[in-house]
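First the structure, in the form of structure tokens, and then the observations on it.
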Amino acid sequence: MKHKIYAVVNLNHKKLFVGEAAQLTINWPPLLARLNSGRYSDTEFQVVWNQEADKRFFSFHTWQDLADLANSCDLVGLPNC
């Protein structure tokens, strides 16, 4: 069984935050609420989220769309990097 992931990408800083996408439609609203309230468990991610508040936007892509970022080892949350 293949696992699906979601990724939140900060293109300015070339950072990629990855998580498992199981039940994403259920898990995304509370995750977004924690981020917007400043209570997300990953402090580095929370700091960047807060700093980029006026520049954020969301788009959704397949893993193939993110393939170019896979060449960068300046990524958060990826194994073997």
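The values are calculated or read from the model by the stated rules, or taken from the named source; none is laboratory data. The structure displayed is predicted, hence computed values, not measured ones. As a convention, Cβ positions derive from the backbone with ideal geometry for all residues, glycine included, and neighbour counts pool all protein chains shown. Each accessible area value is taken on the protein alone, full model and side chains, heavy atoms only, with ligands, DNA and RNA left out. Shrake-Rupley method; radii C 1.70, N 1.55, O 1.52, S 1.80 Å.
Can you tell me which residue in the stretch 38-62 is surrounded by the fewest Cβ atoms within 10 Å (Cβ to Cβ), limited to those that are at pLDDT 85 or above and farther than 18 Å from Gly19 by Cβ?
Gly38
So, in the stretch 19-29, exactly how many residues are open to solvent by 60 Å² or more (accessible area, probe 1.4 Å) and part of a helix (DSSP H, G or I)?
Within the stretch 19-29, residues that are open to solvent by 60 Å² or more (accessible area, probe 1.4 Å) and part of a helix (DSSP H, G or I) number 4.
Consider Arg34 against the criteria (1) modelled with pLDDT of 80 or more; (2) open to solvent by less than 50 Å² (accessible area, probe 1.4 Å): it satisfies all of them except one. Which criterion is unmet?
(2)
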